[in-house]
Amino acid sequence: MSRPPAYDEKIHPGEYLGMLGDGQLGRMFCHAAQAMGYKVIALGQEADGPTGQIAEQHISADYESLAALQQMADAVRAVTTEFENVPAQSLKQLSYTVRTTPAASAVAVIQDRISEKSFIRATGVPVAEHAAIRQLEDLDRVKAALFPGILKAARLGYDGKGQAIVNNLAEAKQAFKDLGEVECVLEAKLPLAYELSVVLARNLEDDIVTYPVGVNHHINGILSSTTVYPGLVPEELAAQAIDYAKALASNLNYFGVMCVEFFVLDAAKLSPDHPTLVVNEIAPRPHNSGHYTMNATSCSQFEQQVRVMAGMPLGDTRLLQPTIMLNILGDSWFVADEAQAQEPDWAAVLSLAGVSLHLYGKAEPRPGRKMGHVNIIHADIDTLYETAQKVSDILHLGAELSRN
Ligand code: ADP
Ligand code: MG
């Protein structure tokens, strides 16, 4: 049985890299890997999904299938993943013979909101006041200060799914039952001024790079836009967010690309000793809020993911142009007729200067489903916002983009 490559061993273009996952993040990883001459073998259930369409090879199987994991281990020397809920045990299994970035141990901490929040707090980084709710009776013991709050399933939530706003104990109990009495966290609903994220990459030699801080807007719990340019976020705040993100990555012993989502709170609505920057959550993978790096930097978050697993030096994260990323959901297909999908006006979008269209190859548009995104870059910030607003209007994204 072979051993995983030593930390400083390089995997060279021409070799295969392994991807656990079928989605759009896996697809964009493939594009980055292939651009550098690597080949990808992906494991997942959807051979014709966004990743499977692009990877050189696809193993159609359960993530837990030992036979499939063995097939992967025989084909590659390094494996990564594109989704938070990849079974940590599968990464662990692979790690006996293959380099896995990130490691199972880091993913296991992040994929459970209870252990994730304990870890963040133990690192000395502020998080929302919260309580672990493992059974109904735990709710009787929570502090009144957690209401109004948000009850979140500890596992498997994404895009605001598996969450409920609860104003009091009775609503919390009902919501806990509605979520099927799975383990949850109850966290205080905080007065958000806005949301930030930091995407970083850390390699096996402990080098770490961070991308410029993005400002994120959500619509109905789903990311709608990310905006990045110098001066948008106060310098001190951005520096603090970056320091926190780096501390989390190194304390987790994290190798790979990771995103930390932050809340910036409205100080006027808080007690004077409450921190105004708190971590919301960590994603153990490239993140939707880092898609701007595909056009606004020379090395995208997906290329960093490739570089880390291949044991290569990290890429340059400087922002080359002010940028806005807009998510495209399936809703854009149902503007004229809510029953019959109609192709959005791509030509109108593509007629605008500074616009790059990224679509994920999903056959069926559905409301709320992430279908693609548009990156807009422009040296002039007013023109950037104007162009982004035009894109939003053409695709009926409902984003409001203005410099305020
Ligand atoms: P997901 O895993 O679905 O991304 P999040 O925990 O990030 O779930 O919540 C989704 C969004 O809901 C956040 O980006 C934020 O806008 C809002 N939200 C989540 N938690 C809180 C909170 N404690 N207070 C206020 N808003 C919150
Ligand atoms: Mg989130």
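The values are calculated or read from the model by the stated rules, or taken from the named source; none is laboratory data. A quick note: this is a predicted structure, and the numbers were derived from the prediction, not measured. Positions of Cβ are backbone-derived with ideal geometry, glycine not excepted, and every protein chain shown enters the neighbour counts. Remember, those area values only see protein heavy atoms, side chains included, never the ligands or the DNA or RNA. Shrake-Rupley method; radii C 1.70, N 1.55, O 1.52, S 1.80 Å.
Of all residues in the stretch 164-183, none satisfies being out of contact with any Asp or Glu (no Cβ under 9 Å at 6 or more places or on another chain) and within 16 Å of ligand 2 (Cβ to nearest atom). Figure legend. Inter-residue proximity from the stretch 208-226: first residues over 10 Å from residue 326 (Cα atoms) and more than 9 Å from ligand 1 (Cβ to nearest atom), second residues open to solvent by less than 10 Å² (accessible area, probe 1.4 Å) and not in a strand (DSSP E or B), beta-carbon distance below 6 Å, spacing 6+ or different chains. Indicated pairs: 211/293; 213/241; 214/289. The set of residues from the stretch 112-131 being assigned to a helix (DSSP H, G or I) and either among the basic types (Lys, Arg) or away from ligand 1 (no atom under 14 Å from the Cβ) (or both) comprises 113, 115, 117, 118, 119, 121, 122.
Only one residue in 179, 200, 237 is modelled with pLDDT of 95 or more, surrounded by 17 or more Cβ atoms within 10 Å (Cβ to Cβ) and either assigned by the TED database to the domain that holds residue 370 or among the aliphatic types (A, V, I, L, M) (or both). Which one? That would be 200, the only listed residue that is modelled with pLDDT of 95 or more, surrounded by 17 or more Cβ atoms within 10 Å (Cβ to Cβ) and either assigned by the TED database to the domain that holds residue 370 or among the aliphatic types (A, V, I, L, M) (or both).
Examine the stretch 165-177 for a residue that is within 28 Å of the chain's Cα centre (by Cα), hydrophobic (A, V, I, L, M, F, W, C), more than 11 Å from ligand 1 (Cβ to nearest atom) and closer than 21 Å to residue 109 by Cα, and state whether such a residue exists. Scanning the stretch 165-177 turns up no residue that is within 28 Å of the chain's Cα centre (by Cα), hydrophobic (A, V, I, L, M, F, W, C), more than 11 Å from ligand 1 (Cβ to nearest atom) and closer than 21 Å to residue 109 by Cα.
Every residue, every condition in (1) within 27 Å of residue 316 (Cβ to Cβ); (2) within 16 Å of ligand 2 (Cβ to nearest atom); (3) at pLDDT below 95; (4) outside the structural domain of residue 91 (by the TED database), yes or no:
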{"residue": "211", "(1), (2), (3), (4)": "yes, no, no, yes"}
{"residue": "230", "(1), (2), (3), (4)": "yes, no, no, yes"}
{"residue": "262", "(1), (2), (3), (4)": "yes, yes, no, yes"}
{"residue": "274", "(1), (2), (3), (4)": "no, no, yes, yes"}
{"residue": "284", "(1), (2), (3), (4)": "yes, yes, no, yes"}
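Looking at the stretch 163-176, which of its residues are aliphatic (A, V, I, L, M) and either more than 27 Å from residue 289 (Cα to Cα) or open to solvent by less than 40 Å² (accessible area, probe 1.4 Å) (or both)? Residues satisfying the conditions are 164, 166, 169, 170, 172, 175. Checking each residue in the stretch 215-224 for being more than 15 Å from residue 281 (Cβ to Cβ) and either open to solvent by less than 30 Å² (accessible area, probe 1.4 Å) or of a type in the set (A, V, I, L, M) (or both) picks out 215, 219, 224. Answer with yes or no whether residue 152 is assigned to a loop (DSSP other than H, G, I, E, B), in contact with a strand residue (DSSP E or B) (Cβ under 9 Å, 6 or more places away or on another chain) and of a type outside the set (Gly, Ala, Ser). For residue 152, the condition - assigned to a loop (DSSP other than H, G, I, E, B), in contact with a strand residue (DSSP E or B) (Cβ under 9 Å, 6 or more places away or on another chain) and of a type outside the set (Gly, Ala, Ser) - is not met. Within the stretch 240-264, being of a type outside the set (Gly, Ala, Ser) and open to solvent by less than 30 Å² (accessible area, probe 1.4 Å) holds for 248, 252, 254, 257, 258, 259, 260, 261, 262, 263, 264. The set of residues in the stretch 11-58 being under 15 Å from residue 98 (Cβ atoms) and either free of Cβ contacts under 8 Å to residues at least 24 places away in the same chain or open to solvent by 10 Å² or more (accessible area, probe 1.4 Å) (or both) consists of 15, 16.
What do you reckon, is residue 149 exposed (fewer than 12 other Cβ atoms within 10 Å of the Cβ) and at pLDDT 95 or above? In short, no.
Any residue in the stretch 242-257 that is at pLDDT below 95 and away from ligand 2 (no atom under 16 Å from the Cβ)?
Taking every residue of the stretch 242-257 in turn, none turns out to be at pLDDT below 95 and away from ligand 2 (no atom under 16 Å from the Cβ).
If only residues of the stretch 152-162 that are surrounded by 15 or more Cβ atoms within 10 Å (Cβ to Cβ) and more than 7 Å from ligand 1 (Cβ to nearest atom) are counted, the one that is modelled with the lowest pLDDT is 162.
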